[in-house]
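The values are calculated or read from the model by the stated rules, or taken from the named source; none is laboratory data. In this text the structure is predicted, and so the values were computed from the model without any measurement. All Cβ positions, even for glycine, are placed from backbone atoms using ideal geometry, and neighbour counts span all protein chains on display.
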Amino acid sequence: MPELPEVETVARGLRAALPGRRILSVRLGKTDFIEDPAALERDLPGARIESVVRHGKFLVLGLEGAQADGAGLALLVHLGMTGQLVTRPNEAPVAPHTHVIFGLDDGRELRYTDIRRFGRMRLMRSGEQGSVLGGLGLDPLEASGAEFVAVLHSRSAHVKALLLDQHVLRGMGNIYTDESLWRARIHPRRIGTNLSPGELRRLYRAVQDVLKEAIRSRGSSISDYVDSEGERGEFQLKHRVYQREGKKCFRCRAPIRRIIVAGRSSHFCPTCQRAPRVRRTKVKTRKPREGRRKGWR
């Protein structure tokens with residue numbers, strides 16, 4: 001699934017190409033992933049694209065409304081697992097599984113392709129963005145170190161689960177969680193409240209560094225992900241633990257292991273990322289009461 005670096009890469013590419021362009025037409029294929037497809041066909045023709053921003057794993061295209069009341073609109077897009085949002089010349093062949101085509105006023109088209117259709121698309125009116133996206137957590141690229149430490153240190157869950165929880169940190173996914181924990185030398189089963197402030201600050205720096213490096217490499221192309229120009233990313237060539245089970249750790253040469261944490265595969269080095277200690281509780285044996293020894297009734 002495209003994560004923060006991939007969505008940010010797509011957003012930057014679209015931001016360089018779309019603002020100022022006017023949508024002339026909307027063509028829809030399968031629409032089971034679109035909330036109110038009729039609204040797209042009715043309200044988008046004539047709308048001008050003003051902005052493209054990333055909010056967690058969501059893309060938000062700000063629009064100057066073509067409605068009679070002049071109300072502002074925003075197109076919300078989630079790429080799901082296999083979604084691609086690319087610009088193409090009108091005459092370019094249409095790829096299979098292309099379900100949405102926005103005709104633009106410069107002779108290009110903005111096309112949404114999604115093999116599995118696990119993505120999401122909806123049109124938001126003015127004022128709806130807060131109710132739709134307001135429940136998401138901190139953006140790990142925008143949060144301060146103090147905010148990051150506070151939100152993780154206050155929760156008694158596995159740190160892997162906390163990093164994946166979109167209500168805690170928006171945008172993180174399995175790839176960059178594993179890579180950040182390896183870089184910070186923290187086991188995925190450590191508990192947030194049990195991590196020291198120093199460990200959490202180290203994790204904050206690791207998350208920031210990994211995400212920024214991944215964005216510079218235009219994300220990780222493991223299966224279907226491409227950027228807004230249809231080009232693959234390169235950060236998968238720099239993965240240190242993700243999907244490297246059985247291969248040697250780049251730091252200590254120990255074999256990378258895989259376990260399940262929070263229902264997700266978690267790759268880590270058992271030497272560099274020490275497992276949390278399991279506290280053993282002593283079992284108290286009861287002394288037999290007087291008159292209750294074996295054989296007595």
- Message: Suppose we filter the range 160-176 for residues that are in contact with an Asp or Glu (Cβ under 9 Å, 6 or more places away or on another chain), crowded, with 21+ Cβ neighbours inside 10 Å and part of a helix (DSSP H, G or I); how many remain?
- Response: 3
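Residues checked against (1) touching a Leu at 6+ places or on another chain (Cβ under 6 Å); (2) over 20 Å from K57 (Cα atoms); (3) at pLDDT 95 or above; (4) among the small types (G, A, S):
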{"position": "E6", "(1), (2), (3), (4)": "no, no, yes, no"}
{"position": "G13", "(1), (2), (3), (4)": "no, no, yes, yes"}
{"position": "R22", "(1), (2), (3), (4)": "no, yes, yes, no"}
{"position": "R27", "(1), (2), (3), (4)": "no, yes, yes, no"}
{"position": "K30", "(1), (2), (3), (4)": "no, yes, yes, no"}
{"position": "I34", "(1), (2), (3), (4)": "no, no, yes, no"}
- Flagged in the range 131-150 as surrounded by fewer than 19 Cβ atoms within 10 Å (Cβ to Cβ) and either among the basic types (K, R) or touching a strand residue (DSSP E or B) at 6+ places or on another chain (Cβ under 8 Å) (or both), in numbering order, are V132, L133, L136, G137, D139, E147
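Do you know which residues across the range 210-243 are over 16 Å from the mean Cα position of the chain (by Cα) and among the charged types (D, E, K, R)?
Matches in the range 210-243: R216, E229, E231, R232, E234, K238, R240.
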- Item | Meets criteria (touching a helix residue (DSSP H, G or I) at 6+ places or on another chain (Cβ under 9 Å), farther than 27 Å from T9 by Cα and either modelled with pLDDT of 95 or more or not aromatic (F, W, Y) (or both)) for R190 | yes
- Note on the structure: Reported set for the range 97-131 where residues are out of contact with any Phe, Trp or Tyr (no Cβ under 6 Å at 6 or more places or on another chain), closer than 24 Å to K57 by Cα and assigned to a loop (DSSP other than H, G, I, E, B) is H97, I115, R116, F118, S126, G127, E128
- Message: I'd like the full set of residues that are touching a Phe, Trp or Tyr at 6+ places or on another chain (Cβ under 8 Å), in contact (Cβ under 8 Å) with a residue 24 or more places away in the chain and among the charged types (D, E, K, R), limited to the range 244-264.
- Response: none
